[in-house]
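Visitor: If you scroll down you'll find the structure; I have some questions about it.
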Amino acid sequence: MSEALDRAARAAGVVLERPGEDAAPVSDAAKRALVDILGTPPALPPSTGATAFVPDWLDETRAFGVALQLYQLRSERNLGIGDLGDLKALIPVFAQTGCDFIGLNPLHALFTAAPENASPFSPSDRRRLNPLIIAVDEVPGYHPYMAEMVSVPPAEDEVDYSAVASAKLTILKKIHQAWRSGDPLVGEADRDAAARHAARKGEEAAGFALFEALSHHMAAQGHGAGWMGWPAAYQDRASPQVLAFAAAHRDEIAFHLWLQYIAETQLAATQAACLAAGMRIGLYLDLAVGEAPDGASTWADPSLALRGLRIGCPPDLFSLDGQDWGLAPLSPSALVDRDFAPYRAVMDAVMADAGAMRIDHAMGLERLWLIPDGLTAREGAYVRQPGLTDQVVNATRTHRAMAIGEDLGIVPPGFRERMADRRLFSMRIVSFERDAHGMRPPARYPADALACLSTHDIAPLEAWWQGDEIDLRLALGRIDAGVARHEHAWRTGEKAAMLAEAGLPPSRAAGALDDGIVAAFHRLGARTASRLYAVRLEDVVGGRRLVNLPGTDREHPNWRRTLPLTVADIGRSARFQRTMAAVGAVRRGFHDRRHLPSSIP
């Protein structure tokens with residue numbers, strides 16, 4: 001029975017052998033559940049082996065950019081959350097330093113009827129945009145009196161998503177009424193463009209707008225924003241009750257469709273502004289690994305997602321019990337049967353207005369850790385994801401946009417080499433890069449990679465220096481006092497090693513993090529041989545608030561903390577100016593030498 005079950009599991013795509021990974025065996029319970037749900041995937045045509053798009057100029061030089069969380073931006077003009085208007089105000093500031101790209105958190109549509117579900121990595125639909133990114137005061141038909149209609153929440157420390165959504169949607173509904181009523185503040189060209197957008201986007205976009213309208217209706221009745229909590233008749237996209245709702249709520253559906261037009265138009269304008277300012281890549285947008293199981297995508301197309309399985313990751317040094325992300329995986333069989341059209345639609349949506357795309361959990365291009373219902377994250381198993389790498393490569397060539405894979409965590413043997421063969425860039429965090437002799441020298445970083453000091457899942461530099469995330473995990477009971485002491489001691493060693501590699505006395509690890517150390521650390525990152533280097537905005541404006549503490553939800557205010565400086569103050573920050581000048585000087589040094597040096601001082 002066990003041999004027959006193993007054969008069936010392998011045929012279904014379950015990875016039973018993980019040589020070199022010291023992995024626990026897959027339980028029979030997991031095998032049976034996965035076989036029952038997955039079936040046997042159809043055969044794939046052979047891979048073309050094509051390489052991803054990389055701009056020619058990047059083979060001759062090195063580039064750098066800034067990475068930030070859009071919602072964190074603070075300004076006098078926004079409505080309590082960073083928006084595309086704030087970002088456009090920063091484009092000339094960044095461009096003047098020599099930046100070639102701006103990296104953002106995922107901008108996918110979430111649930112406007114449940115705004116406190118704020119994680120950008122748990123989207124309702126990856127093909128649509130989050131309306132909260134809209135700069136309301138830049139929408140044709142806006143009048144300043146509209147801002148007086150709402151209460152604007154303060155955002156000195158955190159985003160109040162419920163208050164923000166209420167304020168922004170109230171004003172946007174007022175503007176939409178002006179569009180529909182023939183208000184002269186809205187030109188006919190704008191109205192015509194919105195109508196063409198609705199016609200071009202077709203039934204899929206209309207279905208998303210219907211979901212959003214129904215989601216608000218159901219949440220108001222106490223059923224929740226996600227469709228799994230709705231009455232059974234409304235869980236079926238084609239039911240008579242849903243069709244009757246659509247007929248009775250045309251204006252609300254039109255509003256949510258219009259929001260997508262405004263968001264897409266403003267995002268395209270932001271990318272155009274980046275390029276006009278001299279950035280050679282522009283926006284670097286993020287692709288989440290999956291979607292919420294009760295969101296618009298799974299409601300509209302339930303056969304595409306695998307029911308009874310959740311995406312997560314196995315146990316590792318940072319999560320001894322593994323992680324359950326609660327995301328719905330796409331069906332490998334359904335993707336093959338549909339010639340990957342649904343997956344291409346997701347990538348088209350992300351790359352349409354970007355020069356680069358970051359793929360969250362890039363190992364998911366080859367395998368995903370899937371957890372059957374009733375089992376824990378520890379009891380999941382890897383399932384192969386055939387054909388996705390080819391689709392990403394083809395999409396980069398279609399859109400002439402690069403792809404950077406977030407290959408952090410448990411990386412299967414040979415995965416990074418296979419990425420490199422296809423010119424899918426790797427991500428390298430400087431403090432993580434070590435070999436048998438200590439920290440990896442800058443000259444030994446891979447060329448096709450993006451180097452950085454930290455990401456949204458890692459403490460900002462100021463907090464890292466103090467060990468804030470260690471203390472937070474101790475306070476939440478995730479580690480005990482002994483582990484915390486060990487991690488603080490290890491952090492002291494990390495700081496000393498970074499200081500030495502950056503050319504500073506290791507003894508400074510006992511002192512405060514000053515502007516000189518910040519600049520030196522970023523100069524070290526900029527010296528790497530990797531073609532791209534990202535400066536995390538929080539690291540250079542004194543941010544000490546953790547964006548996300550992996551493995552937590554509401555225990556920590558994930559995806560809510562704002563920056564300590566306003567948009568107007570960022571460019572005037574001495575730390576920002578000094579660090580960006582240091583990074584720019586190093587990166588320009590690669591270009592000036594017109595070759596790929598083994599190292600650069």
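The values are calculated or read from the model by the stated rules, or taken from the named source; none is laboratory data. Predicted model only: the values in this text are computed from it and were never measured. All Cβ positions, even for glycine, are placed from backbone atoms using ideal geometry, and neighbour counts span all protein chains on display.
Okay, residues lined up against (1) part of a loop (DSSP other than H, G, I, E, B); (2) aromatic (Phe, Trp, Tyr); (3) touching a Ser or Thr at 6+ places or on another chain (Cβ under 7 Å); (4) under 21 Å from PHE521 (Cα atoms):
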site: VAL392; (1), (2), (3), (4): no, no, no, no
site: ARG397; (1), (2), (3), (4): no, no, no, no
site: ILE404; (1), (2), (3), (4): no, no, no, no
site: ILE410; (1), (2), (3), (4): yes, no, no, no
site: PRO413; (1), (2), (3), (4): yes, no, no, no
site: ARG418; (1), (2), (3), (4): no, no, no, no
site: ARG423; (1), (2), (3), (4): yes, no, yes, no
site: ARG428; (1), (2), (3), (4): no, no, yes, yes
site: ALA451; (1), (2), (3), (4): no, no, yes, yes
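Visitor: Does the range 8-31 hold any residues that are touching a Leu at 6+ places or on another chain (Cβ under 7 Å), of a type outside the set (A, V, I, L, M, F, W, C) and surrounded by fewer than 18 Cβ atoms within 10 Å (Cβ to Cβ), and which are they?
Guide: ARG10, ASP28 - these are the residues of the range 8-31 that are touching a Leu at 6+ places or on another chain (Cβ under 7 Å), of a type outside the set (A, V, I, L, M, F, W, C) and surrounded by fewer than 18 Cβ atoms within 10 Å (Cβ to Cβ).
Visitor: Then there is this: Taking the range 10-35 on its own, how many of its residues are part of a helix (DSSP H, G or I) and free of Cβ contacts under 8 Å to residues at least 40 places away in the same chain?
Guide: So the count comes out to 5.
Visitor: Just one of PRO123, PRO115 is surrounded by 24 or more Cβ atoms within 10 Å (Cβ to Cβ) and either within 24 Å of ASP324 (Cα to Cα) or touching a Pro at 6+ places or on another chain (Cβ under 8 Å) (or both); which is it?
Guide: PRO123
Visitor: In the range 32-45, which residue that is surrounded by 15 or more Cβ atoms within 10 Å (Cβ to Cβ) and aliphatic (A, V, I, L, M) is nearest to PHE340 (Cα to Cα)?
Guide: LEU38
Visitor: Right, next: Looking only at the range 52-81, filter to residues that are in a loop (DSSP other than H, G, I, E, B) and of a type in the set (S, T, N, Q); which one of those is nearest to the chain's Cα centre (by Cα)?
Guide: GLN69
Visitor: Right, something else. Of the residues GLY414, GLY355, which is under 17 Å from ILE281 (Cβ atoms) and either crowded, with 18+ Cβ neighbours inside 10 Å or more than 16 Å from the chain's Cα centre (by Cα) (or both)?
Guide: GLY355
Okay, residues lined up against (1) of a type in the set (Asp, Glu); (2) without any contact (Cβ under 8 Å) to a residue 40 or more places away in the chain:
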{"residue": "ARG378", "(1), (2)": "no, no"}
{"residue": "ALA381", "(1), (2)": "no, no"}
{"residue": "MET402", "(1), (2)": "no, no"}
{"residue": "GLY409", "(1), (2)": "no, no"}
{"residue": "PRO412", "(1), (2)": "no, no"}
{"residue": "ARG434", "(1), (2)": "no, yes"}
{"residue": "PRO442", "(1), (2)": "no, no"}
{"residue": "ASP457", "(1), (2)": "yes, no"}
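Visitor: Taking the criterion of being farther than 13 Å from ALA113 by Cα, acidic (Asp, Glu) and modelled with pLDDT under 95, would at least one residue in the range 234-251 satisfy it?
Guide: No, that holds for no residue.
Visitor: A follow-up question, please. Are any residues in the range 471-517 within 23 Å of GLY542 (Cβ to Cβ), charged (D, E, K, R) and part of a loop (DSSP other than H, G, I, E, B), and if so, which ones?
Guide: Result: ASP514, single match.
Visitor: Being surrounded by fewer than 21 Cβ atoms within 10 Å (Cβ to Cβ), modelled with pLDDT under 95 and polar (S, T, N, Q) is true for just one of THR48, THR97. Which residue is that?
Guide: THR48
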